[in-house]
Structure formats: structure tokens, C-alpha cells
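The values are calculated or read from the model by the stated rules, or taken from the named source; none is laboratory data. For clarity, every value in this text was computed on a predicted model and none was experimentally measured. Here the Cβ positions follow ideal geometry from the backbone for every residue, glycine too, while neighbour counts run over all protein chains shown. The area values use the complete protein model at the heavy-atom level, side chains included, leaving out ligands, DNA and RNA. Shrake-Rupley method; radii C 1.70, N 1.55, O 1.52, S 1.80 Å.
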Amino acid sequence: MKILLLNPNISNSVTQLIQHEAQRAALPDTEITAETVDMGVAYIETPAESVVAAYASFMHLAQCHTAYDGIVIAAYGDPGVAQAKELFPIPVVGLTESALASAFLLGGRFGIVGISKRIGYWYQQTLEALGMSHRFIGYQGLGRAFSDVGAVQDEARAALLQMCLQQVDAGADTIILAGAPLAGLARQIESQVPVPLVDGVGSAVRMLETLVRSNYQPRRAGPLAPPPAKPNQHMSPALAALFAGQPNANAGGARS
């Protein structure tokens, strides 16, 4: 099985983090390729930034999706994930929906800990869209900016741990460590937190493996089927082909 793990922000240090955690979570015969989009912001914090990330992801995936069995768009908040499920003929999953699926199976209520206070607004919107707000007890995030978002869990580990413990005190039965920059942190602090910790990257890889192994078949009818072919302009050739109903046209293999 070949999985593409796409980082929809431009921080290569985050791409390295998520690749490492994804490979640890994957089955032995799963091949993980991690790539970074070519445009966008250092880390995604707002709904507006998520729109840019979704477009950058579509541009990237249009070029290379045919080389893979499935795709993870690796940003909490799932920029473009719901729409990619419609457009691409292979399974696509996001960190949020995968982490929520894990939290649901673990039972009870869940809290979320992330890298930014402001990002909590976008996360709340995502939870509402996915129908999981009723089990959500609250969000806590760091109140600082970072020169290298890939180093946030090392620089702020004590603060992140403290927020997890505060979530437990508030009644969380499970805690989601949100966002690609926190990939792998759950393994580092799980012995210090008395409830399960959910890693979005690990959850997404395992969910995607299940979908691929379940003989996933793309939709051919209904509102979530690929969009109808129609004229378009000013798109890349590969993206234009997808919107013209030619999912394998003008697409290359995996990029190095």
C-alpha cells in the first residue's frame, strides 16, 4: 500500500515530523511518502489560511495522486478534505475526522490541545460540521508565535502537558493533540496523562489503511460523486483534467 502524506503548510520541519510518526503508526507493508505543498503559510491558524491550504493541496494532489492508494491531508481542521473526497478517485482522510473517530471509539467526552489559542475557533467550526460538538468539552492552545513551528512540541512540552492535565480536570475522558506540529507528542507524554491521548497523524494513517484494505470504490452517483464535467480556465492542466472528468489525465507519478 502506498500512502501520500501531504503537509498543506510550507514548513518542511513539520513534514519530517509527520512522516516519522506516520511510519511508526503504519503497518509494515505500508509505504509512506511525505510531501510539502509549494505555496501557503508556515502553519494554518485561521479559516482563511485553510482556504489557501486547500487550494495548494488540490494543485499538488492533481499532479501526483495516481501514484498512490490513498491520501492524508495532514493538518488539523482538515482543509479541503471533504472536497477532496469528491474530486479524487482514491480515499482521502484528514487529521481531524480521523482523531475524532478514534476519540468516539474510546468513549466519553474529549478535549483538544493545540498550538495556538486563535486556532480554536476554526477547530470548533470543524467539529460542528462533523457533528461532534456534543461530546467536546473545550479547547486549549498556546498563546505564542513560533519561528519554527516544527519545534513547538520540544520548546513548549511542559505547557502542553499542563494543558492536557487541565483538560482531565475539566472532565475530558480522551484528549486529542491537534495539529501536525504535535505529531508524536502523545508517545512522549502519555505516561504522565491519566486518560488516552489521540495523535491525529497516527489515527489518519490507520483509518486510511482500513479504507484501502476494505476495497474502497469511488462514488459514481449522488451529491458526493465527482463534479460534472464543464468548461474551466486558468487551472493547471492536471487540475483542469480532474474538473473535466478525466481523473488520470495530465497526472504524473510521485514527486521526489
Residue selected from the stretch 189-214 under the condition among the polar types (S, T, N, Q) and part of a helix (DSSP H, G or I), by the criterion farthest from LEU161 (Cα to Cα): THR210
Taking LEU142 as the residue in question, decide whether it is more than 30 Å from PRO28 (Cα to Cα) and surrounded by 13 or more Cβ atoms within 10 Å (Cβ to Cβ). yes
In the stretch 19-35, which residues are more than 15 Å from HIS60 (Cβ to Cβ) and touching a residue at least 60 places away in the same chain (Cβ under 8 Å)? HIS20, GLU21, ALA22, ARG24, ALA25, ALA26, LEU27, THR30, ILE32
Candidate set from the stretch 37-66 (those that are among the hydroxyl-bearing types (Ser, Thr, Tyr) and not in a helix (DSSP H, G or I)); member that is most open to solvent (accessible area, probe 1.4 Å): TYR43
Suppose the filter is farther than 12 Å from VAL205 by Cα and β-branched (Val, Ile, Thr); does THR33 pass it? no
When the stretch 81-102 is examined, which residues are found to be surrounded by fewer than 24 Cβ atoms within 10 Å (Cβ to Cβ) and either within 27 Å of MET59 (Cα to Cα) or of a type in the set (Asp, Glu) (or both)? ALA82, GLN83, ALA84, LYS85, GLU86, LEU87, PHE88, PRO89, ILE90, PRO91, GLU97
Output yes when any residue across the stretch 128-137 is charged (D, E, K, R), modelled with pLDDT of 90 or more and either surrounded by fewer than 19 Cβ atoms within 10 Å (Cβ to Cβ) or more than 17 Å from GLU49 (Cβ to Cβ) (or both), and no when none is. yes
Filter the stretch 149-188 down to the residues that are among the small types (Gly, Ala, Ser), assigned to a loop (DSSP other than H, G, I, E, B) and surrounded by fewer than 22 Cβ atoms within 10 Å (Cβ to Cβ) and list them by number. ALA156, ALA170, GLY171, GLY184
Only listed residue being closer than 16 Å to ILE189 by Cα and free of Cβ contacts under 8 Å to residues at least 12 places away in the same chain, chosen from ALA145, ALA158: ALA158
Could you look through the stretch 189-224, keep only residues that are within 25 Å of TYR43 (Cα to Cα) and aliphatic (A, V, I, L, M), and pick out the one that is most open to solvent (accessible area, probe 1.4 Å)? MET207
Answer yes or no: is there a residue in the stretch 103-121 that is crowded, with 23+ Cβ neighbours inside 10 Å, under 18 Å from ILE10 (Cβ atoms), at pLDDT 95 or above and touching a strand residue (DSSP E or B) at 6+ places or on another chain (Cβ under 8 Å). no
Looking only at the stretch 1-36, count every residue that is outside any strand (DSSP E or B), surrounded by fewer than 23 Cβ atoms within 10 Å (Cβ to Cβ) and either in contact with a Ser or Thr (Cβ under 7 Å, 6 or more places away or on another chain) or of a type in the set (D, E, K, R) (or both) and tell me the total. 6
